[in-house]
Amino acid sequence: MSAGFFHSYHLGWTRLDAATLLGDLEEEGLRPVHPVTGRSVLVSLDHFSSGARSPVTREQLLSLSGLQRLQRVGFRLWMDEGPDLLVRIRRARGGVVAVEFSVGELPPVERERAVSAVRRTVGRACVLCIGFVVDRSGVTAGTDWDGVVIEGSAPLDCWPDAIAVRAEIAYRHPQLTVMDATTISPWKVFGSAVPSL
């Protein structure tokens, strides 16, 4: 299974931001409730019980996704009655929250649909979204993306489909500062997939 992903990075994360994100994802056809049971499903992210699933109510999911009591939470999103994907929300560096979508779990057609849906959702939150990374194949899964997007310092050994960062980060990063970028306000966007975003 591919390790493909879409990561986005957000400032000032609250329960309201989690509710807005989930509402926007639902409008795009990515729902945090199982199509049969109607329940949301948390996924354990710790090493001892990794992958263990626990059903929760929507209110519980919203409360947990706001990260008021936790450092990270994982849950599943469903595409209509089709496949599902893992979403992780975690506290990253410098007060930034990372929202990580594991799109590599999806068949190709559904993967493209999910990437487009997440990109549109992130676009609606662009005031607080400081950047994102799209890597459909997962070749850059080992890259310190927090260090690239938040700090502008971690090196890039290979390139994902697209990286979007704020202008000040692009000018600070030794590799990005010499690359051509497309401006999609408020980001500088780099990579081969920029035209398809």
Relative to the chain, whose Cα atoms define the longest principal axis, helix 15-27 and its Cα axis are tilted in degrees, nearest 10, by 90
Could you work out how far apart the two model spin labels at Val109 and Cys158 are, taking each label as a point 7 Å from the Cα in the direction of the beta carbon, and quote it in nm?
2.8
Cα axis of helix 108-124 to longest principal axis of the chain: angle in degrees, 0 to 90, nearest 10?
80
Loop-only check: which GluC sites (Glu not before Pro) in the range 72-124 are DSSP coil with at most 16 other Cβ within 10 angstrom?
Glu81
At 1.4 Å probe radius, can you tell me the per residue accessible area of the chain in Å²?
46
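At 1.4 Å probe size, with the rest of the protein present, what percent of the exposed accessible area of the chain is carbon and sulfur atoms?
Values: 4980 of 9160 Å².
Ligands and nucleic acids excluded, carbon and sulfur reach 54 percent.
If a/c stays under 1.5 just call it rounded; otherwise compare a/b with b/c (prolate if a/b is bigger, oblate if not). Do that for the range 49-132, with a ≥ b ≥ c from the square roots of the Cα gyration tensor eigenvalues. Numbers along the way, then the final one.
Values: a/c = 1.79, a/b = 1.11, b/c = 1.61.
Taking the square roots of the gyration eigenvalues as a ≥ b ≥ c, the range 49-132 is oblate.
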How much length is gained if the chain between Tyr171 and Leu70 is pulled fully straight, taking 0.36 nm per residue apart and subtracting their Cα-Cα distance, in nm to one decimal?
33.0 nm
Pairs of Cα atoms under 8 Å, at least six residues apart: use those to get the relative contact order of the chain, whole percent.
23
Would you please state the base-10 log of I(q)/I(0) at q = 0.12, 0.18, 0.24 1/Å for the range 89-197, with intensities from the Debye formula using one equal scatterer on every alpha carbon?
-0.38, -0.90, -1.67
Spin-label point model (7 Å from Cα, Cβ direction): what's the Asp80 to Ser137 distance in nm?
2.9
Please identify every one of the trypsin sites (Lys or Arg not before Pro) in the range 50-152 that sits in a loop by DSSP and has no more than 14 other beta carbons within 10 Å of its own beta carbon.
Arg69
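What does the convex hull of the alpha-carbon atoms of the chain project to on average, in nm²?
Details: hull surface 42.2 nm².
For the chain, the mean projected area of the Cα convex hull comes to 10.5 nm².
Indicate the gyration tensor shape class of the range 133-183 (rounded, prolate or oblate), computed on the Cα atoms with a ≥ b ≥ c the square roots of the eigenvalues: a/c under 1.5 is rounded; otherwise a/b larger than b/c is prolate and the rest oblate.
Values: a/c = 1.82, a/b = 1.40, b/c = 1.30.
Prolate, since a/c reaches 1.5 and a/b exceeds b/c.
The values are calculated or read from the model by the stated rules, or taken from the named source; none is laboratory data. The structure presented is a predicted model; accordingly, all values stated were derived computationally and were not measured. Glycine also receives a Cβ, built like all others from the backbone with ideal geometry; neighbour counts cover every protein chain displayed. Accessible surface areas use protein heavy atoms only, side chains included; no ligands, DNA or RNA. Shrake-Rupley method; radii C 1.70, N 1.55, O 1.52, S 1.80 Å.
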